[in-house]
Amino acid sequence: MTQLFKPMCHIEKAPSSYENNHLETFTNTCWSLYSERLKNISNKYFELGKIRYKKANPEILDSVKDWHPMQSALSVTYDGSIHYTFRLAKSLDLFIETFLHEDGNHNTYFELFKYDKLVYSGRESLRDGLSVVSRKIQELNERDQEGCVDVFAK
């Protein structure tokens, strides 16, 4: 019996230092463009957002670069939140949303999707959330390694 659909394998190239620098430049540009929205709430929110961004951005990008980002977006909303969206290799989408609070106890939420199906959702510290996402991606990669995956299967 012949197979109608043969499984396909993806060969992913590691991101170059140019791509990593581009991601940092891109997020910094987005921060510069959209961070002023926090001043609509107050100067304190702007300062809180700036501190959070400067602390979180390098940590987020350091993790995300290992997951082969293909597209990225950063937005700062008028209601006091910072949103990252990453389209990753192997049909993965990652959302990281931090809601700023005046007391400094910011809430960060993570959502990871594969083929638009939720793989993980949770409220974690930044470090713990990135660690959980990393484990989930590793689990998905291990499943893919068991055999080539039909890219049309969902």
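No value in this document is a laboratory result; all are computed from the given coordinates. Source: prediction; values computed, not measured. Methodologically, a virtual Cβ is constructed for each residue, glycine included, from the backbone with ideal geometry; neighbour enumeration extends over all protein chains shown.
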Can you tell me how many residues in segment 40-96 are β-branched (Val, Ile, Thr) and either touching a Ser or Thr at 6+ places or on another chain (Cβ under 9 Å) or within 23 Å of Val119 (Cα to Cα) (or both)?
-> 6
Residue pairs meeting the criteria (Cβ under 9 Å; at least 6 apart or on separate chains; first aromatic (Phe, Trp, Tyr), in segment 130-142; second assigned to a helix (DSSP H, G or I)) | none
Tell me which of these Ser131 doesn't satisfy, since it passes every other one: (1) surrounded by fewer than 16 Cβ atoms within 10 Å (Cβ to Cβ); (2) assigned to a loop (DSSP other than H, G, I, E, B); (3) out of contact with any Lys or Arg (no Cβ under 6 Å at 6 or more places or on another chain).
-> (2)
Some residue of segment 144-151 being in a strand (DSSP E or B), more than 12 Å from the chain's Cα centre (by Cα) and either surrounded by 13 or more Cβ atoms within 10 Å (Cβ to Cβ) or at positive phi (or both) | yes
